1. Return an integer: the convex hull volume of the alpha-carbon atoms of the range 30-84, in Å³ per residue.
2. Once both labels are modelled 7 Å past Cα along the beta-carbon direction, what's the PHE46-MET28 spacing in nm?
Amino acid sequence: MHERAFSKERGMYGFDHGVWMMGGWLMMLAVWLLPFVFLFIAIRIFFEKFKTGTDKSALEILEKAYASGKIGREEFLQKRDDLQAGSSKGLP
């Protein structure tokens with residue numbers, strides 16, 4: 001019975017360990033890298049949610065200030081023209 005459990009043709013108990021030797025390094029790489037990849041993606045998604053709410057253009061901020069009455073019409077028009085002139089020239 002012992003001869004049947006370990007034959008030279010198929011390895012111990014019918015398993016050939018050559019496949020595990022070739023793919024073992026790949027599995028070890030996955031075991032170590034996948035948690036870090038998932039953590040990186042989770043952190044990135046988490047911080048992108050905060051970033052989208054605060055990313056407003058200068059024109060949107062100006063329009064909000066005008067709508068709330070913090071600035072007058074003349075000041076709004078002058079600053080809007082300045083912003084539009086700067087964006088057409090390629091300025092930030």
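No value in this document is a laboratory result; all are computed from the given coordinates. Because the structure is a prediction, the values reported are computed rather than measured. Don't worry about glycine lacking a Cβ; one is built from the backbone with ideal geometry, like all the others, and counts go over all protein chains shown.
1. Details: hull volume 4.1 nm³, N = 55.
Cα-based convex hull of the range 30-84, divided per residue, equals 74 Å³.
2. Distance between the two pseudo-spin positions: 3.0 nm.
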